[in-house]
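Working notes, structure below.
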Amino acid sequence: MNIQTINLIIAFVVTFVLGMIIVPILRKLKVGQVVREDGPKTHLKKQGTPVMGGIIIISTIVIMLAIYAIKYPSLILAIVSVLGFGIIGFIDDYKKLVLKNTEGLSPKKKMFGLFLITAIFILLYLNVFNYGTDIIIPFFEQPISLSIGAFIFFTAFILLATTNAVNLTDGLDGLASGVVAIIMTFFTLMAVKMQNTEMAIFGACTTGSCIGFLIFNFHPAKVFMGDTGSLALGGAVASIAIILKMPLFLAIVALVCIIDTLSVILQVSYFKLTKGKRIFKMAPFHHHLELSGMKETKVVILFWAITAICCAVAYFI
């Protein structure tokens, strides 16, 4: 049994154990889901389901990476991304669910927090770990080197776009956790192929944690990850792609996240331009499919399948 499989199993077990401890605590604290009245009627029964389960995922990943960081200091970069974005999500969830502030973090404060973590990540990436500004182009063997300015702008875009895309995808039981597990499996395999031990560890730990979380998060969900988990996982996906020099591959492997994000952008833009008309029955797109008659579990499995196919295609490019 190779080290990646062992790490995945350990992360799975740790997440399961933490879930058994933390989920009842969240339920006791009554940090429950608030369901939108204009959403699918089948979601009304989710009212009150514990949120902030992302604490479980973050704890597992950070604990395991911190242990490995003693030998592989570059894993600190992954910890900064997962923990940093996760903290922003936690503050937002805490204000909404514990302090009962329905707006949570204001958009300006939330974006400032995301920009701050992004800036710290890029600073460490370039000036501490000296990873360089080259990236791999799909279908081409030779990477290209970007100017410092272009790299900073592009990397910031990838981090911010990916965290928000995963956040938008987190709307159905098991959807985001399953999609991220598949994407991180792809990057783990690529890390092994590139003989990048650090990122193979990171990918395996994140994959195992997501699979472990699915025990509690798959339909009918006993807990939701909230912004705490979705922003942290978005940070994990973006950071491993950037460190492996493969951010452009996200356009392939994270296709379902891109579709969900574009559906929101199109819906909001069209709504404003037409003064109230909509393209979709509801955005993100996974809710449109639900309102069109597709069962929640079928939508989730469809998105998982599409992600798996996209990852297979990307692996053999």
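Only one entry in Ile117, Ile137 is crowded, with 16+ Cβ neighbours inside 10 Å and either touching a residue at least 12 places away in the same chain (Cβ under 8 Å) or not in a strand (DSSP E or B) (or both), namely Ile117. Count of the range 258-303 residues, restricted to those that are β-branched (Val, Ile, Thr) and over 25 Å from Asn217 (Cβ atoms), is 4. When every residue of the range 271-281 is checked against the conditions, at least one turns out to be among the charged types (D, E, K, R), surrounded by fewer than 21 Cβ atoms within 10 Å (Cβ to Cβ), on the phi > 0 side of the Ramachandran plot and free of Cβ contacts under 8 Å to residues at least 24 places away in the same chain. In this structure, does Leu244 turn out to be farther than 15 Å from Val166 by Cβ and in contact with a Pro (Cβ under 7 Å, 6 or more places away or on another chain)? No.
Residue-by-condition table, conditions (1) more than 30 Å from Pro50 (Cβ to Cβ); (2) of a type in the set (D, E, K, R); (3) touching a Pro at 6+ places or on another chain (Cβ under 8 Å); (4) not in a loop (DSSP other than H, G, I, E, B):
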| residue | (1), (2), (3), (4) |
| --- | --- |
| Leu65 | no, no, no, yes |
| Gly86 | no, no, no, yes |
| Leu105 | no, no, no, no |
| Leu126 | yes, no, no, yes |
| Tyr131 | yes, no, no, no |
| Ile152 | yes, no, no, yes |
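Scanning the range 61-95 for residues that are in contact (Cβ under 8 Å) with a residue 40 or more places away in the chain and either aromatic (Phe, Trp, Tyr) or closer than 20 Å to Val31 by Cα (or both) yields Tyr68, Tyr72, Phe85, Gly86, Ile88, Gly89, Phe90, Asp92, Asp93, Tyr94. Of all the residues in the range 192-206, those that are in a helix (DSSP H, G or I) and either surrounded by fewer than 20 Cβ atoms within 10 Å (Cβ to Cβ) or free of Cβ contacts under 8 Å to residues at least 24 places away in the same chain (or both) number 3. Step by step: first the residues of the range 25-40, then only those that are of a type in the set (A, V, I, L, M, F, W, C) and modelled with pLDDT under 90, then the one that is farthest from Tyr94 (Cα to Cα). Which residue is that? Of everything passing the filter in the range 25-40, Val35 is farthest from Tyr94 (Cα to Cα). Screening Ile309 on (1) at pLDDT below 95; (2) surrounded by fewer than 18 Cβ atoms within 10 Å (Cβ to Cβ) shows it passes everything except condition (1). Here Ile183, Ile211, Ile242, Ile252 are screened, and the one residue that is modelled with pLDDT of 95 or more, closer than 25 Å to Leu123 by Cβ and among the hydrophobic types (A, V, I, L, M, F, W, C) is Ile242. With the condition kept exactly as written, say whether any residue in the range 166-174 is within 30 Å of Leu291 (Cα to Cα), in a loop (DSSP other than H, G, I, E, B) and aliphatic (A, V, I, L, M). Yes, some residue in the range 166-174 is within 30 Å of Leu291 (Cα to Cα), in a loop (DSSP other than H, G, I, E, B) and aliphatic (A, V, I, L, M).
Each row is one residue, and each column tells you yes or no for (1) closer than 20 Å to Val62 by Cα; (2) at pLDDT 85 or above; (3) surrounded by fewer than 16 Cβ atoms within 10 Å (Cβ to Cβ).
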{"residue": "Gln4", "(1), (2), (3)": "yes, yes, no"}
{"residue": "Val17", "(1), (2), (3)": "yes, yes, yes"}
{"residue": "Val23", "(1), (2), (3)": "yes, yes, no"}
{"residue": "Lys45", "(1), (2), (3)": "no, no, yes"}
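Of all positions in the range 293-306, none carries a residue that is touching a residue at least 12 places away in the same chain (Cβ under 8 Å), among the basic types (Lys, Arg) and over 30 Å from Ser74 (Cβ atoms). Taking the listed residues Phe115, Phe154, Phe139, the one that is out of contact with any strand residue (DSSP E or B) (no Cβ under 6 Å at 6 or more places or on another chain) and either within 12 Å of Ile242 (Cβ to Cβ) or small (Gly, Ala, Ser) (or both) is Phe154, with no other qualifying.
Looking at Val180, is it free of Cβ contacts under 8 Å to residues at least 60 places away in the same chain, β-branched (Val, Ile, Thr) and within 19 Å of Cys311 (Cα to Cα)? In short, yes.
Selection of first residues in the range 1-17 that are without any contact (Cβ under 8 Å) to a residue 40 or more places away in the chain and of second residues that are outside any helix (DSSP H, G or I) and of a type in the set (Phe, Trp, Tyr), restricted to Cβ pairs under 7 Å at least 6 apart or on distinct chains, gives an empty result.
All of Leu244, Leu262, Leu250, Leu266 fail the test of being under 19 Å from the mean Cα position of the chain (by Cα) and surrounded by fewer than 17 Cβ atoms within 10 Å (Cβ to Cβ), apart from Leu262.
The values are calculated or read from the model by the stated rules, or taken from the named source; none is laboratory data. Being a predicted model, the structure only gives us computed values, none of them experimental. Positions of Cβ are backbone-derived with ideal geometry, glycine not excepted, and every protein chain shown enters the neighbour counts.
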